[in-house]
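Asks: This structure is in structure tokens; I'll ask about it shortly.
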């Protein structure tokens, strides 16, 4: 789906992991993501931004951690409180948040979820027009 959007807007990404293949499972997606990110990440330093709840967010956060790159998680703190629903997205969100160094929560409830899990540093509540700092120690 992203390839169609990139093509429509004539955007050429710096890196294309090209991980999607027919019949793949969760192990395939995760391992191919990590391998691709390791190869593409050799020239990356600084901050690694991760969005969402999918495998790319979790694998990207893990790769950033492995490379000792600060990780920012967009959509941080979203929770269903059931690790199997939605599956596997819920655990991807939780793990990405606990790996991340900076957390951008889309709602007050998401920011509160992070705080309840002991994530109190570098949490921002994203507003539509601006970001407001929510928690910091």
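The values are calculated or read from the model by the stated rules, or taken from the named source; none is laboratory data. All values reported here derive from a predicted model rather than from experimental measurement. Please note: Cβ atoms are built from the backbone with ideal geometry, for glycine as well, and neighbour counts cover all protein chains shown.
Asks: Does the range 68-76 include one or more residues that are out of contact with any strand residue (DSSP E or B) (no Cβ under 7 Å at 6 or more places or on another chain), in a loop (DSSP other than H, G, I, E, B) and under 23 Å from residue 33 (Cα atoms)?
Replies: Within the range 68-76, one or more residues are out of contact with any strand residue (DSSP E or B) (no Cβ under 7 Å at 6 or more places or on another chain), in a loop (DSSP other than H, G, I, E, B) and under 23 Å from residue 33 (Cα atoms).
Asks: May I ask you to list the residues in the range 95-122 that are surrounded by fewer than 20 Cβ atoms within 10 Å (Cβ to Cβ) and under 26 Å from residue 27 (Cβ atoms)?
Replies: If the condition is that a residue be surrounded by fewer than 20 Cβ atoms within 10 Å (Cβ to Cβ) and under 26 Å from residue 27 (Cβ atoms), then 95, 98, 99 are the ones that fit.
Asks: OK, next. Looking at the range 98-113, which of the residues that are in a loop (DSSP other than H, G, I, E, B) and within 13 Å of the chain's Cα centre (by Cα) is nearest to residue 18 (Cα to Cα)?
Replies: Per the stated criteria, the residue is 100.
Asks: Out of everything in the range 43-57 that is closer than 17 Å to residue 110 by Cβ and modelled with pLDDT of 75 or more, what residue ends up being farthest from the chain's Cα centre (by Cα)?
Replies: Here the residue is 54.
Per-residue answers, yes or no, for (1) touching a helix residue (DSSP H, G or I) at 6+ places or on another chain (Cβ under 7 Å); (2) modelled with pLDDT of 90 or more; (3) part of a helix (DSSP H, G or I); (4) more than 27 Å from residue 3 (Cα to Cα):
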| site | (1), (2), (3), (4) |
| --- | --- |
| 28 | no, yes, yes, no |
| 41 | yes, no, yes, no |
| 60 | yes, no, yes, no |
| 80 | yes, yes, no, yes |
| 87 | no, yes, no, no |
| 96 | yes, yes, yes, no |
| 115 | no, yes, yes, yes |
| 118 | no, yes, no, yes |
| 133 | no, no, no, yes |
